[in-house]
Amino acid sequence: MVDMKGRWCLITGAARGIGYLTAKLMAEHGANLILHSRKLEHTEKVLAEVQAMGVEAYAVAAELSDLDQVQAMLEEIDARGTQVDIVLNNAGMQIAYRVDYCKTPVTDFTESFKINTIAPAMICYHFLPKMMERGFGRILNTTSGIALDPQQAGYSASKAALDKFTIDLGSKVQGTNVMINLTDPGWCRTDLGGPHAPNAPESAIPGIAVGAFVDDGKSGRYLNAPHFTGMTLEAAVAKAEAEFNSPY
């Protein structure tokens, strides 16, 4: 299992919900954190909490639908001289639920793809070459299990595109100590999942981050967090390595 002490981890959407819980989990295991949200004030609480846990941390802000802001955020991280070892692309947006799905506007797709596919891809492309040069890195892209639901076509299509991007990109690092995998929290009661979702956000821990800790050189896997609910991180990592194979 990867020792996180002193490693730098970027978490998008870290201010609340699954991202907030993931930030606390990573800090518990000694990772230094770059905490992203749309506005710096959104991460004030989690920033103070993880710093109190003894790790280094700072916040960055970017509206992920504004790709210029995404690029500026990446340049800010570079300017700080931070060596990013782990990327957790957690942030996502479900634009709308269209009961009359044949009237889904084009903007559902354009906005969903910018936030859920293109911004994570930009982040991956920015940090992956540096990870490959150093011989270590972990990237986790958060997907969704939504299927057969045209009422959420923009969202589900953008996540399907993210799946394809992740699996294809992961084939280039398969068998190395740079690993790119998918993660899925399940349907949780968050701002995105809504109040009627069956699962508490805490059920996604530790599974949502298990791909950051696995150490077997396998990429392109779908690490569904509900498979690890209630387990210790150590047990979850062992299960992921033993039971979740890459598609290559």
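The values are calculated or read from the model by the stated rules, or taken from the named source; none is laboratory data. Bear in mind the structure is a predicted one, so any value in this text is a computation, not a measurement. Note that each Cβ is placed from the backbone with ideal geometry, even for glycine, and that neighbours are counted across all protein chains shown. The accessibility values were calculated without ligands, DNA or RNA, using every heavy atom of the protein model including side chains. Shrake-Rupley method; radii C 1.70, N 1.55, O 1.52, S 1.80 Å.
Given contacts defined as C-alpha pairs under 8 Å and at least six residues apart, what's the relative contact order of the range 113-248, whole-number percent?
That works out to 23 percent.
Between ARG221, ARG134, ARG38, find the one with the highest GNM mean-square fluctuation for the chain; connect C-alpha pairs within less than 10 Å.
Answer for the Gaussian network model of the chain: ARG134.
Just to confirm, what accessible area per residue do you get for the range 88-239 at 1.4 Å probe, in whole Å²?
43
Cut-off 10 angstrom, C-alpha nodes, Gaussian network model of the chain. Which of GLU75, GLU111, GLU56 fluctuates the most?
The residue with the greatest mean-square fluctuation here is GLU75.
Please report the carbon-and-sulfur percent of the accessible area for the range 107-240; probe 1.4 Å, protein heavy atoms only, DNA, RNA and ligands left out.
Carbon-and-sulfur percentage of accessible area, whole number: 61.
Using 0.36 nm per residue, how much length does the chain from CYS102 to ASP66 gain when fully extended, once their Cα-Cα distance is taken away?
Computed gain between CYS102 and ASP66 is 10.3 nm.
Calculate one ³J(HN,Hα) per residue across the range 33-45 by plugging θ = phi - 60° into the Karplus curve 6.51 cos²θ - 1.76 cosθ + 1.60, and present them in order as whole Hz with x for glycine and proline.
Residue by residue, the range 33-45 yields 10, 10, 9, 9, 8, 5, 9, 4, 5, 5, 9, 4, 5 Hz.
Grab the Cα-Cα distance for ASN245 and ALA48, subtract it from 0.36 nm times how many residues apart they are, and report the gain in nm with one decimal.
Working it through step by step, the gained length comes to 67.2 nm.
Report ³J(HN,Hα) in whole Hz for each residue of the range 81-87, in order, from the Karplus equation J = 6.51 cos²θ - 1.76 cosθ + 1.60 where θ = phi - 60°; Gly and Pro get x.
Coupling constants for the range 81-87: x, 7, 8, 7, 9, 10, 10 Hz.
Quick one: Karplus J couplings for the range 171-179, per residue in order, coefficients 6.51, -1.76, 1.60, θ = phi - 60°, nearest Hz, x for Gly and Pro?
Result, ordered by residue: 5, 7, 10, 3, x, 10, 8, 10, 10 Hz.
Picking from ASN89, ASN177, ASN141, which is most flexible by a Gaussian network model of the chain using Cα springs under 10 Å?
Looking only at ASN89, ASN177, ASN141, the biggest GNM fluctuation is shown by ASN177.
Exceeding 28 Å between C-alpha atoms, which entries from my cross-link table qualify? They are LYS45/LYS130; LYS39/LYS103; LYS24/LYS159; LYS5/LYS218; LYS5/LYS159; LYS39/LYS114.
With Cα atoms farther than 28 Å apart: LYS45/LYS130; LYS39/LYS103; LYS5/LYS159.
Could you compute the FRET efficiency for GLU234 and LYS130, with r as their C-beta to C-beta distance and R0 at 30 Å, rounded to 0.05?
My answer for the efficiency is 0.55.
When you take every Cα atom in the range 10-125, what is the radius of gyration, and what is Dmax, the widest Cα pair distance, in Å?
15.3, 52
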